[in-house]
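Undergrad: The structure's right below; bear with me while I get my questions together.
The values are calculated or read from the model by the stated rules, or taken from the named source; none is laboratory data. Values in this document were obtained by computation on a predicted structure and should not be read as measured data. Here the Cβ is made from the backbone with ideal geometry for all residues, glycine too, and neighbour counts use every protein chain on show.
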Amino acid sequence: MASQDWVDKDFYKILGVPKDASEADIKKAYRKLARKYHPDQNQGDANSERMFKDLSEAYSVLSDPEERQQYDAIRAMGSGARFSAGGAPGGGGGTGGAGFEDIFGDLFGQTARGGSRRTTFNAGGSNIPPEFADLFGGGSGFGGGGFGAPPPTKGADRTASTTISFAGSINGTVIGLREPNGEVVEVRVPAGVKDGQKIRVRGKGQPGAAGAGDLMVTVHVTPHDFFAREGNNIRIHVPVSFPEAALGATIEVPTLTSDTVRLKVPAGTPSGRTLRVKGRGVHTSKGNGDLLVTVDVAVPSRLDKEAREAVEAFAEATKGEDPRAGLAAKARL
């Protein structure tokens, strides 16, 4: 319902635009001024708070073609129109004269003394238009919201990325991200973080009426030359000699904690077989992974006379075995 504010307030002047301004000009003017007078940028400034409310009310009316037409018609009557408690222009609350809504009811699709179709700004809030929510970290009614105002919201989240060492991802680390203003944000990276995982730093996002948003940091991990991560398991490749693979052996292999663990290689282990060491993978708050040891049988590149004779003797002793038996059958299409 139109109010006395529509007669007393010049919404065009508040937004600094002419009466024939286009919708685009009105929107541009509001965006510029709302950013300037937003309460988050002028905390404790009563004048800025009042100006921001006036700007929001002006935009609400002038951005709606129907409300703007109604506003222009009311303003054309001049400031002589006044509203009484009974709804009639002029003085007291008598019912003898036509009310303001009676005069404009048919023109704007309203019944006499009926409710307007427009949504008015409440006394306790400013109702930032949804299309400008990006300006203010999501937008909300100012001052905690009056009757009908949306509740205040947190500011928008920000994003950042960083690269850490493989050791840092396994053991955990602390990094510092420098803001454009020189401030350093401390980011605690938990042990066991994976490549591409996001870490939330609370309260380091954009400011908002209900508090600041969060900073979301994407962590990239530099690959290691020896350890390869597969989920929470760690895979390594360990060479063994032919006698160790053929006869069996107990070998020592390195782990993530810089110590070694003894691993039994069963007799007859082929190259490429993977042996598992329980609980020696990545340690996280949700459990521990395993160490996966892939055995690679090493073939010597040079043999002395004694070694060659020994290999030839072995070949003679095992000449009845064909490691490629049945290969042709497997290869049939």
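Undergrad: Can you give me the ranges of the strands (runs of 3 or more DSSP E) entirely in region 179-245 with at least 1 residues that are of a type in the set (Lys, Arg), modelled with pLDDT of 95 or more and surrounded by 15 or more Cβ atoms within 10 Å (Cβ to Cβ)?
TA: 228-230, 233-240
Undergrad: Also, quick follow-up: Can you list residue pairs whose Cβ atoms sit under 8 Å apart, with the first residue in region 299-327 being assigned to a loop (DSSP other than H, G, I, E, B) and the second being of a type outside the set (S, T, N, Q) and modelled with pLDDT of 90 or more? Count only pairs 6 or more apart in sequence or on different chains.
TA: What qualifies is Val299/Phe242; Pro300/Ala307; Leu303/Val311.
Undergrad: Considering each residue of region 24-39, count those that are touching a residue at least 12 places away in the same chain (Cβ under 8 Å) and farther than 15 Å from Ser56 by Cα, and give that number.
TA: 0
Undergrad: Sticking with this structure for a sec: Collect the residues in region 261-278 that are farther than 30 Å from Val311 by Cβ and either outside the structural domain of Val311 (by TED's automatic domain parsing) or surrounded by 11 or more Cβ atoms within 10 Å (Cβ to Cβ) (or both), keeping them in residue-number order.
TA: If the condition is that a residue be farther than 30 Å from Val311 by Cβ and either outside the structural domain of Val311 (by TED's automatic domain parsing) or surrounded by 11 or more Cβ atoms within 10 Å (Cβ to Cβ) (or both), then Val261, Arg276, Val277 are the ones that fit.
Undergrad: Going by the conditions given, is Glu57 over 22 Å from Ala156 (Cβ atoms), part of a helix (DSSP H, G or I) and in contact (Cβ under 8 Å) with a residue 60 or more places away in the chain?
TA: It is true that Glu57 is over 22 Å from Ala156 (Cβ atoms), part of a helix (DSSP H, G or I) and in contact (Cβ under 8 Å) with a residue 60 or more places away in the chain.
Undergrad: Within region 265-281, which residues are free of Cβ contacts under 8 Å to residues at least 40 places away in the same chain and either farther than 9 Å from Leu292 by Cα or part of a loop (DSSP other than H, G, I, E, B) (or both)?
TA: Scanning region 265-281 gives Val265, Pro266, Ala267, Gly268, Thr269, Pro270, Ser271, Gly272, Arg273, Lys278, Gly279.
Undergrad: Okay, next question. Of the conditions (1) surrounded by 15 or more Cβ atoms within 10 Å (Cβ to Cβ); (2) closer than 23 Å to Asp8 by Cβ, Asn42 satisfies every one except a single condition; which number is it?
TA: Just one mismatch for Asn42, condition (2).
Undergrad: Taking region 279-317 only, how many residues are of a type in the set (S, T, N, Q) and surrounded by fewer than 11 Cβ atoms within 10 Å (Cβ to Cβ)?
TA: Result for region 279-317: 2.
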